[in-house]
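**Student:** Dumping the structure here so I can ask a few things about it.
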Amino acid sequence: MTQNVNTAVMDDPFDSATNPTLRPRDYYGQLAVDAYFAKLVKGTGKVPWDPQADSVDNRVTAVNISLIPVAAAHLTFKLERNMIAESVEWAKIVWPSLRAQGIQSAKLADGIWVKLVQESTGRKYRTKSGEEREATTFKILAVYPDQAACEAAYYATQGADDIAAAEAVAAAQPAVDTRAKETAKQFIVALSKQHHGNMDTVKRAVAMIPMITAAYDPDSTEFAEIVMENAA
C-alpha cells in the first residue's frame, strides 16, 4: 500500500486489481473511406443498389472505413468497419466524432491522418463458436495535418525504447520550414490542452520528439506562450 503525496490518500494496488478498468487502446494512422449506394438482402447482406431496377425506398448508403496504421505500431491485424450511414454506428458515433474534429464532409475523411479508439456500439453478437462479444466501431479522437504530425503523436505516447525510432523519422524530414513549424505548433497546442498547461509536463512530452524541438526551443518565450494560450 502506498501513499499519494499529492492527495494524502492511501492507494491500495489490490483495490485496483479487484476493480480493473480497461483503457481503450489508441490507434494512429491514415483513414481510407469509401461509400456507395446499396440495398439490404436477407441472407446476403449489402449488395450494390441498381438505379435501373431497384426502388429508392430500398436504398441505403454503405460506408467502408479502415485504418492504415503508422508503420512503427507494427500491427499484424486489420482495422476495418463496414456499416451503413443510416445506422446508429455511423450516425451517432463515427460521423459525429469526425465532425467534432472539423471534418465537414465524409468525402474529406478519406486519406486523413488520425488517432482513434474502438468504441462500443451497444450491440452484442455471437461468434461462430457461440461466444458473445460486444460490437465496436471507430471513434476519431484527433486529426493531424500530415503523416509526420501523426507519427509524432504516436511516438509521444511511447516509452524510451522508441526514442531512436522517433529520431529516425525526424532525420528523414527536411529542414524546419513554415509548414513543419505549424505542424509542431499544432502538436504543442494539443499537448498543452491534454496536460492543462502544465509547463513541465509538456516539456517532458516534447523532449523525445525531435521534430518538435527542432522547430521550437522548449525553454523559449515563444514555446511558453503557446502552452499558456492553450492551457484550457
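Values quoted throughout were computed directly from the atomic coordinates according to the rules given, and no laboratory measurement underlies them. Owing to the predicted nature of the structure, the values given are computational and were not obtained by experimental measurement. Neighbour counts are summed over all protein chains in view; Cβ atoms, including those assigned to glycine, are modelled from backbone coordinates with ideal geometry.
**Student:** Sort out for me the Cα centre separation of the range 54-89 from the range 111-163, rounded to whole Å.
**Tutor:** 13
**Student:** Taking all pairs of distinct Cα atoms, average 1/r, flip it, and tell me the Kirkwood hydrodynamic radius of the range 91-152 in Å to one decimal place.
**Tutor:** 13.2
**Student:** On a 18 Å Cα-Cα criterion, which of the cross-link pairs Lys42/Lys78; Lys78/Lys115; Lys115/Lys139 come out too long?
**Tutor:** Listed pairs above 18 Å: Lys42/Lys78.
**Student:** Taking amide hydrogens as modeled 1.01 Å from N in the peptide plane, which residues meet the under 5 Å criterion relative to Ala142, leaving out close sequence neighbours?
**Tutor:** Lys115
**Student:** Now, a different point. So what J values fall out for the range 102-112 if you push phi through Karplus, 6.51 cos²θ - 1.76 cosθ + 1.60 with θ = phi - 60°, rounded to Hz, Gly and Pro as x?
**Tutor:** So the J values, rounded to whole Hz, are x, 8, 9, 9, 4, 5, 6, 7, 6, x, 7.
**Student:** Same structure, new question: Below 8 Å between Cα atoms, with a sequence gap of 6+, how large is the relative contact order for the range 27-144 in percent?
**Tutor:** 27
**Student:** On to the next question. Arrange Met83, Met228 by Cβ neighbour counts within 10 Å, fewest through most, would you?
**Tutor:** With the fewest neighbours first, Met83, Met228 line up as Met228, Met83.
**Student:** Express the C-alpha Rg of the range 53-102 as a ratio against the empirical globular expectation 2.2 N^0.38 Å, rounded to two decimals.
**Tutor:** Relative to the 2.2 N^0.38 Å estimate, the range 53-102 comes out at 1.52.
**Student:** I'd like the Karplus ³J(HN,Hα) series for the range 59-64: coefficients 6.51, -1.76, 1.60, θ = phi - 60°, whole numbers in Hz, and an x wherever there's a Gly or Pro.
**Tutor:** Per-residue couplings from phi come out as 8, 10, 10, 7, 10, 10 Hz.
**Student:** Return the tail of the calculated pair distribution for the range 27-144, meaning the percent of Cα-Cα pairs more than 26 Å apart.
**Tutor:** That fraction is 27 percent.
**Student:** Please list, in order along the range 138-155, the HN-Hα scalar couplings obtained from phi with the Karplus expression 6.51 cos²θ - 1.76 cosθ + 1.60 (θ = phi - 60°), rounded to whole Hz, x for Gly and Pro.
**Tutor:** Rounded to whole hertz, the list is 8, 10, 7, 9, 7, 10, 10, x, 6, 4, 4, 5, 5, 5, 5, 5, 5, 4.
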